Amino acid sequence: MTVELTHPAIRPGQPAARIAGARLLGFGAAQPDQVVAGHELGERFGRSAEWIRTRTGIRNLRRLRPGSDIVDLAVQAGRSALGQAQLVPAQIDLVLTASCSIDATSSTQIAHRLAPHAGRLAINAACSGFCYALSTADALIRAGSAHNVMVVAAEEMTRLIDPEDLGTSIIFGDGAGAAVVSAASGDGIGIGPVVWGSDGHQSNLIACRPDGLLQMAGREVFRWAVESVPDLALAACQRAGVSIDDIEVFVPHQANLRIIDAVVRSLGLHDTVIANDVIESGNTSAASIPIALARLIERREARSGQLALLIGFGAGLAYAGQVVALP
């Protein structure tokens, strides 16, 4: 029996072929224009800008102004990635959003404004969400379910912050990052196999209170990350068939500069480009990796074809990592 599709939004096509792999075509980022300096963050707690910097590495945060919409930033980031990929909206088959702070309506608006006829999928894996979304896009392309996928990580973390809580109010910012993933042929790493999981026994270390606001046991999270992330990084390299010495760009989740520095020392990454966007952006949860990577590419500190190791970790305690070739 032949089924005829008549709905104008449904586009029939040829039977899908399974693809050997996927690759990154472009990145984009968008951040609020409001900069909150360290001394402003600490003054309500009697803490100086230097006190905040020595404990977190943060000098400034970027936060949405009242009345601003995270959807606008997400769309801006997505369009930048689309432009770098040299694609048009009609070529995007799926818009995949990663966030722990925006709702389903916002995800739908982002997808509709970026690619009106594309499918929509939302993932919440907190700060590791971009890595989860990237591997999902890779799998869907390999299965033949999509040819081009837009991954958008957008966070309005200020919605989840108690301004009276020192531990969270001085580290989280807002922003959006995006990547275009496309089918690829040939050998070599495009997007390496993901290593992911969660440590549910310690999920209470980063969690939402009954009122929906975020709480975090900072010291315990720091200890967990410093002990766990190096092993995750090595496992991701092993799955990709490369050595840690082959990694040219390291982009961990921008949670805390002290965590990043400790992991870099543990892995012995001496000649590697290290993302440290946390200094000027703070912790933007799922958006932190694509924002940091987009900025490295903009400044030409990272180049096309280089191998980058991406590591996400956060609430859950969920984690994920993969090796990718930069577009």
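Numbers for the structure displayed
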item: Given 11 as the ceiling on other Cβ atoms within 10 Å, longest exposed-site-free region of the chain for trypsin sites (Lys or Arg not before Pro) in DSSP loops; result: 19-298
item: Relative frequency of Cα-Cα separations exceeding 16 Å in the stretch 68-126, percent; result: 40 percent
item: Karplus 3J(HN,Hα) series, Hz, for the stretch 139-147 with 6.51 cos²θ - 1.76 cosθ + 1.60 (x for Gly, Pro); result: 5, 5, 5, 4, 7, x, 7, 8, 10
item: Max mean-square fluctuation residue, GNM over the chain, Cα-Cα springs under 10 Å, options Gly188, Gly21, Gly129; result: Gly188
item: GluC sites (Glu not before Pro), loop per DSSP, at most 14 other Cβ atoms within 10 Å - longest free stretch of the chain; result: 5-163
item: Residues in the stretch 292-317 reached by a label modelled at Asp271 [backbone nitrogen below 18 Å; 7 Å Cα→Cβ]; result: 301-309
item: Distribution of pairwise C-alpha distances over the chain, 10 Å bins, in %; result: 6, 28, 35, 21, 7, 2, 0, 0
item: Computed label-point distance, nm, for sites Gln215 and His201 using a 7 Å Cα→Cβ extension; result: 2.2 nm
item: Environment charge at Arg62 (Cβ cut-off 12 Å; Lys +1, Arg +1, Asp -1, Glu -1); result: -2
item: Unit Cα scatterers, Debye sum, the stretch 168-327: log10 I(q)/I(0) for q = 0.19 Å⁻¹; result: -1.26
item: Carbon + sulfur, % of accessible area of the chain - ligands and nucleic acids excluded, 1.4 Å; result: 48 percent
item: Helix-only CD estimate at 222 nm, as mean residue ellipticity for the chain, using -39500 (n - 2.57) per DSSP H run (n ≥ 4); result: -10000 deg cm²/dmol
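The values are calculated or read from the model by the stated rules, or taken from the named source; none is laboratory data. These numbers come from a predicted model, not from an experiment. Using ideal geometry, Cβ is built from the backbone for each residue, glycine included, and neighbour counts are taken over all protein chains shown. Surface accessibility is based on the protein's heavy atoms, side chains included, excluding ligands, DNA and RNA. Shrake-Rupley method; radii C 1.70, N 1.55, O 1.52, S 1.80 Å.
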